[in-house]
Every structure is written in structure tokens, then in C-alpha cells.
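To keep things clear, I will list the structure first and then write my remarks on it.
The values are calculated or read from the model by the stated rules, or taken from the named source; none is laboratory data. Just so we're clear, the structure is a prediction, and the values are computed from it rather than from any experiment. For neighbour counting, all protein chains shown are included, and Cβ atoms are generated from backbone atoms with ideal geometry for every residue, glycine included. For accessibility, only protein heavy atoms count, side chains too; no ligands or nucleic acids. Shrake-Rupley method; radii C 1.70, N 1.55, O 1.52, S 1.80 Å.
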Amino acid sequence: MASILKVNTIQDATNSNTAISVDSSGRVTTPVTPAFHAYKASSQTASADNEIVTWDQTQFNTGNHFQNNTFTAPVAGVYFFSCKWLSPSAADQEDIHIYVNSVIKSRSRNPAHNGINSHETITINYLANLSVSDAVTVRISQSGNAIYGGD
């Protein structure tokens, strides 16, 4: 025998926060799914190797799991990270890495331009299977390397 459960909201037992909603058209939303969008309003030149990128602003930070330039996984699961950065107008190679718990997991590179100064927009993506409390950061690989900031 099939059963039907008719609900439009599922809340947590402690604080009655809405965890799942279903509207009259059957669309499902999960309003507390961890998500954030951080960006730099100013440029950053690394003063040390593997320097953490210091994000100046967030457009949103659902759940406040992005703090102090680090995302900390609130629950185990699959997470997607994407970082788009603009290299300085320089002929040298620049590298940006995504780290999980101080281990490099994904790399991006602005290639050397054979002595030609040129800005490059580079995107780095990482699909991560994280455990609770795993910490994710973006880092500039070498001292003296830089990324541009802006809105």
C-alpha cells in the first residue's frame, strides 16, 4: 500500500527553523543550504608563500559558514567552490590554489606571457566531498604574487 505525506514545511526540532519548503507548484527549497559569495574590493600582494586570500566583502553568506576568509563545512557532504580572479598586468606566472585543511586540492595558473604584460581572468573550480569542520581557503602560492580586486 502506498502512502502519501502532505506537508509544505519541514522544520528543525530545536528552533523551528524551516529546513525544507514545498510550494503549491511542487517546487522544493532548502533555505539554509550553506552558500556564500565573497569578493575582493582591493588588490592583494602576498607577503609570504601560500598566503590566504583576504576577501573584503560578501554579497551573501547563508548560514554564516564563511568567516575569516575560510569556509567551514557545517555538515558532511558534497560542496562546489568556484573562484574567478584577475591577475596583475605582469609577465610572470601566478598561481592560486584551493586548500582543504591546509592541503592543496585544486590549482589555477596565469601563464607567463614571454615578457608581455597582460591581465588574465582565470577561474578555478573544485567539487569537494567534505567532512564536518573541514576548512576551505583560497591561497596565493608565492610571495610577491598578486591578485586584483574590484567589484
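Which of the residues spanning segment 57-82 are more than 10 Å from Val138 (Cα to Cα) and not in a strand (DSSP E or B)?
Across segment 57-82, the qualifying residues are Gly63, Asn64, His65, Asn68, Ala73, Pro74, Val75, Ala76.
Residue by residue, here is whether (1) more than 28 Å from Ser133 (Cα to Cα); (2) assigned to a strand (DSSP E or B); (3) without any contact (Cβ under 8 Å) to a residue 12 or more places away in the chain holds:
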site: Ser3; (1), (2), (3): yes, no, yes
site: Val32; (1), (2), (3): no, no, no
site: Trp55; (1), (2), (3): no, no, no
site: Lys84; (1), (2), (3): no, yes, no
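Would you tally the residues in segment 22-37 being open to solvent by 70 Å² or more (accessible area, probe 1.4 Å) and within 23 Å of Leu86 (Cα to Cα)?
Result for segment 22-37: 1.
Test of understanding: among Lys40, Lys84, which residue is of a type in the set (Lys, Arg) and open to solvent by 70 Å² or more (accessible area, probe 1.4 Å)? Steps first, please.
Details: Lys40 fails: open to solvent by 70 Å² or more (accessible area, probe 1.4 Å).
After ruling out the rest, the residue left standing is Lys84.
Tell me, please, whether a residue that is at pLDDT below 90 and of a type in the set (Asp, Glu) can be found in segment 49-62. Even if it seems obvious, please write down each step before you answer.
From segment 49-62, those at pLDDT below 90 are none; that's our starting set.
Looking through segment 49-62, none of the residues is at pLDDT below 90 and of a type in the set (Asp, Glu).
State which residue is surrounded by the most Cβ atoms within 10 Å (Cβ to Cβ) when the search covers only segment 54-79 and only residues that are in contact with a Ser or Thr (Cβ under 7 Å, 6 or more places away or on another chain) and closer than 21 Å to Thr123 by Cα.
Of all residues in segment 54-79, those in contact with a Ser or Thr (Cβ under 7 Å, 6 or more places away or on another chain) come to 56, 62, 65-66, 69-70, 72-73, 76.
Now drop any that are not closer than 21 Å to Thr123 by Cα, which leaves 56, 66, 69-70.
Numbers: Asp56: 13, Phe66: 20, Asn69: 14, Thr70: 14.
Among those residues, the one meeting the criterion is Phe66.
Can you pull out every residue in segment 5-21 that is outside any loop (DSSP other than H, G, I, E, B), in contact (Cβ under 8 Å) with a residue 12 or more places away in the chain and either of a type outside the set (Val, Ile, Thr) or open to solvent by 50 Å² or more (accessible area, probe 1.4 Å) (or both)?
We begin by selecting, within segment 5-21, every residue outside any loop (DSSP other than H, G, I, E, B); these are 9-11, 18-21.
Now restrict to residues that are in contact (Cβ under 8 Å) with a residue 12 or more places away in the chain: 9, 18-19, 21.
Thr9, Ala19, Ser21 - these are the residues of segment 5-21 that are outside any loop (DSSP other than H, G, I, E, B), in contact (Cβ under 8 Å) with a residue 12 or more places away in the chain and either of a type outside the set (Val, Ile, Thr) or open to solvent by 50 Å² or more (accessible area, probe 1.4 Å) (or both).
When Ser87 is evaluated against the numbered criteria (1) more than 19 Å from Thr54 (Cβ to Cβ); (2) at pLDDT below 80, which criterion, by number, is the only one it fails?
The single condition Ser87 does not satisfy is (1).
Go through segment 43-53 and give me each residue that's surrounded by fewer than 15 Cβ atoms within 10 Å (Cβ to Cβ) and in a loop (DSSP other than H, G, I, E, B). Working first, answer last.
Pass one, segment 43-53, residues surrounded by fewer than 15 Cβ atoms within 10 Å (Cβ to Cβ): 43, 45, 47-49.
Selection gives Ser43, Ser47, Ala48, Asp49.
Which of the residues belonging to segment 90-121 are surrounded by 11 or more Cβ atoms within 10 Å (Cβ to Cβ) and at pLDDT 80 or above? Before the answer, list the steps.
Just the residues of segment 90-121 that are surrounded by 11 or more Cβ atoms within 10 Å (Cβ to Cβ), to begin with: 90-101, 104-113, 118-120.
Correct list: Asp95, Ile96, His97, Ile98, Tyr99, Val100, Asn101, Ile104, Lys105, Ser106, Arg107, Ser108.
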